[in-house]
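Asker: Below are the structure tokens for one structure; questions will follow.
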Amino acid sequence: MPTWTLGELADAVDARLEGDPDVVIRGVARLEDAGPHDISFLANPKYEEAAARSTAGAVVAGDAYAADGQNVLRSDNPYLTFARAAELIAPALEPEPGVAETAVIAPRVSVPESASIGPHVVIGADVSLGARVVIGAGSVIEDGVSIGTETRVFPRVTIHSGTRIGVRCVIQSGSVLGSDGFGYATDSAGRHHRVPQRGGLVIGDDVDIGANCTIDRGSPGDTTIGDGTKIDNLVHVAHNVAIGRGVIVVAQVGVAGSTKIGDHAVLGGQAGITGHASIGARARIGGQAGVIGDVPAGAEYSGYPARPHREQMRSQALFARLPDLFDRLKALETKLRDAEPR
């Protein structure tokens, strides 16, 4: 790992240093694990006591943290500053360029000298690979796929024909991109007939896709993922979904077909979105919410069925009072019955 002094690190991440600029930093760690040559961070006030007890060489924190003799890198966004510092202190290991002997590459595929193609990779005909692309071991790239510069595909990823991926994307292991969507037409006898899935999948620049995600191709037309969107593990995106720019999709979300999700929306873990819905820009969907209709831009929805978050919280508060209200109602009924003339 590279070695930095605090002074050098503060300059590199544009942070305000309080403390000794000559302290040497060699690693990153949690507050409770950090030693005198590690850097850690405080982004949540609930961990201030842990930060005060930490033996970290420096803590990245906001202005509200009252450090007592600690080295502190002050920042308006401690988590982001820590992330930038971590990239410098512990950079990701990059595979050596080259093509593994066991890789199978079809004719008419030009592999840039700067690319890294791992063992047992299969690349189909007419695939386009940008400079410094990394394809991990055991991945399958079907005919006609396009992968942009500096995109990294981790081991055991399958990318089907008709998929176009932008630059600087990350596709984690086990994900399947551009598979057929779940489309069937039912005849009068109840038999289900497969609807051909002939569209594509278009993924923008700087998109991260977690492990074991499935994103379907369109039918017809394309499924689209906008620039800068980040998708967690175990997410399913169905055919013809259009996800905007800078969207956050947390683990185990399911998005049904032809739904539109606006720029910078956030979908909490295990949320389910019905088909043909429209989620407005910067909307926030709570974890495990069940969205069965449109959500306005900037709105915050939660619960099942999902409704505006304040309404949902009020409803839950009233629901919690039901046992007491029921007991009071029964007592009132008893009093009224006892008061009736005999």
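Taken together, the values in this text are just the output of simple stated rules run on the coordinates, not laboratory data. Note that this is a predicted model, so its numbers are computed, not measured. Cβ: placed from backbone, ideal geometry, glycine included. Neighbour counts: every protein chain shown.
Asker: List, largest first, the extents of the alpha carbons of the range 98-310 along their principal axes, each in whole Å.
Answerer: 58, 44, 22
Asker: So, one more: In Å, the Kirkwood hydrodynamic radius of the range 4-89 over pairs of distinct alpha carbons?
Answerer: 12.1 Å
Asker: Using the membrane-span-like helix rule (whole DSSP H runs, Cα extent along the own axis of at least 15 Å, mean Kyte-Doolittle hydropathy at least -1.0), which helices of the chain qualify? Walk me through the numbers on the way to the answer.
Answerer: Numbers: long enough: 78-89 (16 Å, 0.72); 309-320 (16 Å, -0.95); 322-339 (25 Å, -0.43).
Sorted by number, the helices that extend far enough and score high enough are 78-89, 309-320, 322-339.
Asker: Can you give the FRET efficiency to the nearest 0.05 for Arg53 and Arg108, using r as the Cβ-Cβ distance and R₀ = 41 Å?
Answerer: Details: r = 61 Å, r/R0 = 1.49.
For R0 = 41 Å, the calculated efficiency reads 0.10.
Asker: Return the calculated 222 nm mean residue ellipticity for the chain, to the nearest 500 deg cm²/dmol, obtained by summing -39500 (n - 2.57) across DSSP H runs with n ≥ 4 and dividing by the residue count.
Answerer: Numbers: 5 runs with 56 residues, N = 342.
Dividing the helical sum by the residues of the chain leaves -5000 deg cm²/dmol.
Asker: Separate question: Using a Gaussian network model of the chain with C-alpha springs under 10 Å, which one of Gly272, Gly57, Gly183 is most mobile by mean-square fluctuation?
Answerer: Maximum fluctuation in the GNM of the chain, among the listed residues, is at Gly57.
Asker: While we're here: Could you work out how much longer the chain between Leu80 and Ala320 gets when fully extended? Use 0.36 nm per residue separation minus the Cα distance between them, nm to one decimal.
Answerer: 82.5 nm
Asker: Near the amide H of Thr5, under 5 Å away, which other amide H atoms are found, from residues 5 or more places off or on another chain, if H is placed in the peptide plane?
Answerer: Here the answer is Ile25, since their amide H atoms fall under 5 Å of that of Thr5.
Asker: In nm, what is the difference between 0.36 nm times the number of residues separating Leu88 and Asp126 and their Cα-Cα distance?
Answerer: Between Leu88 and Asp126, full extension yields an extra 10.0 nm.
Asker: Just to compare against my own numbers: the Cα pair-distance distribution for the range 171-214, 10 Å bins, whole % per bin, please.
Answerer: 24, 36, 24, 14, 3
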